[in-house]
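A short worksheet on the structure shown next.
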Protein chains: 4
Amino acid sequence: MKIGFIGLGAMGLPIARALMGAGHTLAVYNRTAGRADELLGQGARRGESPADVAGDADALITMLADDRAVEDVMLRDDGEGALDALPAGRMHISMSTIGVGLAARLAELHAARGQGYISAPVFGRPIAAEQRKLWVIAAGPPEHIQRARPLFDAIGQGTRVVGKDPPMANVIKLAGNFTIAAMIETLGEAFALVRRSGIDAAGFLEIINTALFASPLYGNYGTIIAEERFEPAAFKLRLGLKDIRLALAAADAVSVPMPLASLLHDNLLAAVGRGRGEIDWSGLAQMLAENAGLGAHDSDHA
Amino acid sequence: MKIGFIGLGAMGLPIARALMGAGHTLAVYNRTAGRADELLGQGARRGESPADVAGDADALITMLADDRAVEDVMLRDDGEGALDALPAGRMHISMSTIGVGLAARLAELHAARGQGYISAPVFGRPIAAEQRKLWVIAAGPPEHIQRARPLFDAIGQGTRVVGKDPPMANVIKLAGNFTIAAMIETLGEAFALVRRSGIDAAGFLEIINTALFASPLYGNYGTIIAEERFEPAAFKLRLGLKDIRLALAAADAVSVPMPLASLLHDNLLAAVGRGRGEIDWSGLAQMLAENAGLGAHDSDHA
Amino acid sequence: MKIGFIGLGAMGLPIARALMGAGHTLAVYNRTAGRADELLGQGARRGESPADVAGDADALITMLADDRAVEDVMLRDDGEGALDALPAGRMHISMSTIGVGLAARLAELHAARGQGYISAPVFGRPIAAEQRKLWVIAAGPPEHIQRARPLFDAIGQGTRVVGKDPPMANVIKLAGNFTIAAMIETLGEAFALVRRSGIDAAGFLEIINTALFASPLYGNYGTIIAEERFEPAAFKLRLGLKDIRLALAAADAVSVPMPLASLLHDNLLAAVGRGRGEIDWSGLAQMLAENAGLGAHDSDHA
Amino acid sequence: MKIGFIGLGAMGLPIARALMGAGHTLAVYNRTAGRADELLGQGARRGESPADVAGDADALITMLADDRAVEDVMLRDDGEGALDALPAGRMHISMSTIGVGLAARLAELHAARGQGYISAPVFGRPIAAEQRKLWVIAAGPPEHIQRARPLFDAIGQGTRVVGKDPPMANVIKLAGNFTIAAMIETLGEAFALVRRSGIDAAGFLEIINTALFASPLYGNYGTIIAEERFEPAAFKLRLGLKDIRLALAAADAVSVPMPLASLLHDNLLAAVGRGRGEIDWSGLAQMLAENAGLGAHDSDHA
């Protein structure tokens, strides 16, 4: 399949690589051009603009950091935006973690142009993308989902089609990321309690993950937090804040109070205010530890 | 071993049964005497008072609902309390989920009498007790822990000795229960969001437990919540509230802010205020759903 | 001065009346036309559309319920929107409690058309508007503020000019409404505590307002809450929720965590979910009372 | 009247002074003996122990920092405690801000000894005590209240008798302090929002206190916060934390969720964890400002 691919960040690059490995033809565009070099050596074409990579694509894939970045490549008004360049009958697969409102808007704009639109955010860290072990959550018109299947299979270990209405996939992605952030807050508070009580955080983690959760995710995140390995960031705290912000917006739009999400929002925002925006989002636990008088409280990130 | 056993509730009865099954001799005491009948038929002796079952015990085990119940059997001032009846050199194994303060006080009182004191709360629901699959978290003097080992082995699939200072085990139990309550709140909020967005809660649960948590605990609790099966209660909401209250007290004593635990406390208290104290603590999610306008808001439990 | 006036709701009507009383000439527009009748009898002209009342106005005043309503009259794309109809050199005075983002956008759109834009939200309930006792918070270009002065003087007992950048006035209005909502939550929680302790809420209010606050606002709101007079609504709870939402958006835009505002948002949203959106926003306290087991918990509004 | 007076801290000393000024005879006791010197010069007698000052008192007054200090002077088991020394028929007037539980316990212990017990906490800062402008909140047996009246009149501008059950006065004092702390949080968050929006906090305060609250308390606290004058502390943050802790305990005892009080507890605790326990409790706002990225985040108090 001819794929236009926009966004070669931590997640985008391994996904693009996996698609090439599965035999697809890629035209790639990235704001920082150098990120594309590796793929060019393997036969990808460097696009000059979003419009350029969308112009002859069977499928346009975007994997970008936030709503603004997606709007910038799709809707820019300099004639180089991807929206108007994508031929009718082709589809846009949006893998970015974007808001429900933008997804709905894209669905509408594409439909008005006779193009297909699929929201297909993924669960999994960059390392999972490298290993084709992502989970794809897809929603959109069935005929386009059908055509996109081989692409999903090339990057993930499983795909869940959750409906015809694209924003449903975004809700699930946002609600899912909320559950991870909630786990971070939970472990951060519990670790502060046990540490101040003279108990080793790693030992406590081993106990609850053996006796209660039996969850690799708790094990992985818990170990990172217990060992305070927040750099380099696998997922930056300020991006985590963005996702909780989008989850709250999605909840507000359907009148759902989410007090724990509000707590996460406020704590992540305070962590950013205290200089921790660029470390891993599990580093939220470090601020909680300091609030408990653990660690030098002059250790706020500069 | 000759065991004095006090407290034949949902957890105590199967534990007592398992100890008898392992060949130990039991004298049992329960406020509601009828609960002991089954054990008497199998050779247990019915004690007349806490003091009676403690008087000739190698080990006294208590498994009661809360601090007050433990104080009542141990410290009552009518001469029938177990504390003064337990012979010097013997030990008290406290399996109840009690506060850190009471555990510290018991440790001191027992030490002053030349008795041993072990805090040994357990993780696991009644069904796990039936199947000898509990996890025992033990802290206390090593020589007593050593002697108590066969008892722990008779009821659990694993024992974690976490220190010489008994309250450490209580901190871990309370911090652990906090993490479960946090999971309930998390799922309750996420389910409200996805349901109001037109997405099936069970389907969402399947996705996040496949893609993210891979945790039987998330699966079990999540299914109960998605299916709203809050009765009969495996663990009553008002007891869950008690545990969060004890966790907050433990945290406050060591100057640890736990905003998520505070949120849980306030929400559980509101759920009690709205008539849900006797249903399963996962029923907290039902109140969250109603706050989101889901379900008839006149459905508060009468 | 010739004034185009859009929005004859609970606040708009008495303001329009006061302007006419001060000798200004009004052309009025309201979605529900009947609201204008009283003013027509006093010499106002009924406008056919937003554009109609803006077309020959020296000053266009809008006093509407929310962002959407303002967008609808200003930016509608049927040629009848007020934005393009207002002559260059004239000004738009926006008195509605709208978001910072929309205020910034309006400022830009008006500037591009050579029109002036002032944000001039007011503090005060409808009764204060009747009595020309509002407080006007104004921000915008000094020359336009200067020309608008007589209008502000006709409706309020004082005007505070807070800067040249219109959104600053909106921030102050939103932050101010946040402080009122915070007072409602505070009194609601305190009243629940004293009532459950056997103490009369009105008596407690009298004490703290004598000994501590000495504030008419505490007295007024506190009395309404103590007497549970939430209907008819002076300011509907769902509109209060809207304002807290806008305050949170303003805070998020400048990276300010406001955990109390988050709490207010979640509680107001739950109150709406429980059927209280149309009563006075001080009715939030009623939900808090029910959470404390006060009042029949089946009394949620149908 | 012969008064035994225990506790010559920031509040106790001016109260004792005012009582002497009104012609009463004082025997004083303070842990730090030097605090009494001034009063000795004016004719007070220095007591050797709590029992000493209570032994011949018509009324024993205690004004101490917290529950522990009150327990220490009243209930110490070295024979020097005031409880057993106070003659039957005399009364103990407890002015300290203590918990509801301790007040109930003292009421019971005194009654069992034929002594009277009045809870009479006060509202007002030390400066108000100097000027006999405190507000006294009293609850206890009417005959003792009657006899205590001249004492209350000597120190305050008004007395509110709120019931026969002493803890009711403590509930009101704690609920009142909660409302002040809530005001501090409210102003702290609102100031952070306006400051980050380019608006002067003092100017904002002037607007809301003119247009909305018209409250000297808002003016005083707001000015302290806007000017960041947190030292010397009029009321230390760690004592404010203590009061919120006692308010939460009182609320929990009667099943009242107080989410805003929980928020205050957690934020005050974090402020202590970040080194601010000894500054004025309005300094909570400083931590909120830092969470918003205002001020050097390396400014946490060492």
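Quick note: the coordinates plus some simple rules give every number you see, no bench work behind them. Just so it is clear, the model here is predicted, and its values are computed rather than measured. Don't worry about glycine lacking a Cβ; one is built from the backbone with ideal geometry, like all the others, and counts go over all protein chains shown.
Could you grab the relative contact order for the range C:172-295? Cα pairs under 8 Å, six or more apart, rounded to a whole percent. Each step should come with its number before you reach the end.
Numbers: 134 pairs, mean separation 48.0, N = 124.
This gives 39 percent for the range C:172-295.
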- Message: What does the copy distance list look like for A:R68, label position 7 Å along Cα→Cβ, in nm and ordered from shortest?
- Response: 2.7, 4.9, 5.6
- Item | Distance from the range A:1-22 to the range D:1-53 (C-alpha centre basis), Å | 81
- Message: Springs between alpha-carbon pairs under 10 angstrom, Gaussian network model over chain C: which of C:A211, C:A289, C:A57 fluctuates most?
- Response: C:A211
- Rounded to whole angstrom, the alpha-carbon centroid of the range B:134-148 lies from that of the range B:168-207 at a distance of 31
- Output row for B:T223: copy-to-copy label distances, label 7 Å along Cα→C-beta, ascending, in nanometres, one decimal, is 2.9, 5.9, 6.6
- Within 10 Å of each residue's Cβ, count the other Cβ atoms and sort D:I224, A:I225 from fewest upward. D:I224, A:I225
- Task: Assign unit charges at the C-beta atoms only (+1 for Lys and Arg, -1 for Asp and Glu), then state the dipole size of chain C relative to its Cα centre in Debye, rounded to the nearest 20.
- Result: 680
- Query: Given charges of +1 on the Cβ of Lys and Arg and -1 on the Cβ of Asp and Glu, with all other atoms neutral, how large is the dipole of the range C:126-279 about its Cα centre, in debye to the nearest 20?
  - Reply: 360
- For chain B, longest principal axis from Cα atoms; helix B:142-155 axis from its Cα atoms; angle between them, nearest 10 degrees, is 60
- Query: Could you give the nm distance between label points at A:A249 and A:Q131, where each point is 7 Å from its Cα heading toward the beta carbon?
  - Reply: 3.3
- Which percent, nearest 5, of DSSP beta bridges in the protein assembly as shown are antiparallel? 15
- Message: Projecting each Cα onto the charge dipole of the range A:171-291 (Lys/Arg +1, Asp/Glu -1 at the beta carbon, about the Cα centre), which of A:A247, A:A233, A:N267 comes out farthest on the positive side?
- Response: A:A247
- Note on the structure: Non-local residues with an amide H under 5 Å from the amide H of C:G99, with H modelled 1.01 Å from N and Pro and chain starts lacking one, are C:D67
- Query: What is the log10 of I(q)/I(0) for chain B, computed with the Debye formula using one identical point scatterer on each Cα and no solvent, at q = 0.08, 0.15 Å⁻¹?
  - Reply: -0.38, -1.14
- Query: What list do you get for D:T159, B:T25 if you sort them by fewest beta carbons within 10 Å?
  - Reply: B:T25, D:T159
- Determine the distance separating the Cα centre of the range A:58-98 from the Cα centre of the range C:241-292; give it in Å without decimals. 36
- Task: Using the number of other C-beta atoms within 10 angstrom as an exposure proxy, rank B:V161, B:V136 with the fewest first.
- Result: B:V161, B:V136
- Amide H contacts under 5 Å for B:A27, restricted to residues at least 5 apart in sequence or on another chain and with H modeled in the peptide plane, are B:I3, B:G4, B:F5, B:R45
- Return the single residue from D:L102, D:L64, D:L284 with maximal mean-square fluctuation; model: Gaussian network over chain D, springs between Cα atoms under 10 Å. D:L102
- Derived scalar couplings ³J(HN,Hα) [the range D:21-26; Karplus, 6.51 cos²θ - 1.76 cosθ + 1.60; whole Hz; x for Gly, Pro]: x, 8, x, 7, 9, 10
- Message: Per residue of the range A:8-16, what does 6.51 cos²θ - 1.76 cosθ + 1.60 with θ = phi - 60° give for ³J(HN,Hα)? Whole Hz please, x for Gly and Pro, Karplus curve as stated.
- Response: 10, x, 4, 8, x, 4, x, 5, 4
- Task: Give the relative contact order (percent, whole number) for the range B:98-244; include only Cα pairs under 8 Å separated by 6+ residues.
- Result: 20
- What are the label-to-label distances in nm, one decimal and shortest first, from B:R35 to the same spot in the other copies, with labels 7 Å along Cα to Cβ? 4.9, 6.1, 6.3
- Item | Mean separation of Cα contacts under 8 Å (6+ apart) over length of chain C, as relative contact order % | 13
- Tell me what chain C gives for mean residue ellipticity at 222 nm when only DSSP H runs of n ≥ 4 count, each as -39,500 (n - 2.57), the sum divided by the residue total, rounded to 500 deg cm²/dmol. -15500 deg cm²/dmol
- Item | Compactness relative to 2.2 N^0.38 Å, alpha carbon Rg of the range D:171-299 | 1.04
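Taking the range C:224-302, which trypsin sites (Lys or Arg not before Pro) meet the DSSP loop condition and have no more than 15 other C-beta atoms within 10 Å?
Numbers: sites: C:R229, C:K236, C:R238, C:K242, C:R245, C:R274, C:R276; in loops: C:R229, C:R274, C:R276.
Loop-located and lightly packed - C:R229.
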- Message: Give me P(r) over the range D:2-165, computed from all C-alpha to C-alpha distances, binned every 5 Å, as integer percentages.
- Response: 2, 10, 21, 25, 23, 14, 5, 1
- Task: Just name one of C:V256, C:S282, C:P216: the one whose Cα is farthest towards the positive end of the charge dipole of the range C:171-291 (beta-carbon charges, Lys/Arg +1, Asp/Glu -1).
- Result: C:V256
- Message: Show me, bin by bin at 10 Å from 0, the whole-percent P(r) of the protein assembly as shown based on Cα pairs.
- Response: 2, 9, 16, 19, 20, 16, 10, 5, 3, 1, 0
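Rounded to the nearest 5, what is the percent of antiparallel bridges among the DSSP beta bridges in the range D:31-160?
Working: 3 of 15 bridges.
Antiparallel bridges: around 20 percent, rounded to the nearest 5.
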- Task: Please work out which residue of chain B brings its Cβ closest to the axis of the rotation superposing B onto A, and round that distance to whole Å.
- Result: B:S215, 2
- Note on the structure: Connecting every pair of Cα atoms under 10 Å apart in chain C and solving the GNM, the largest mean-square fluctuation among C:G277, C:G79, C:G222 falls on C:G79
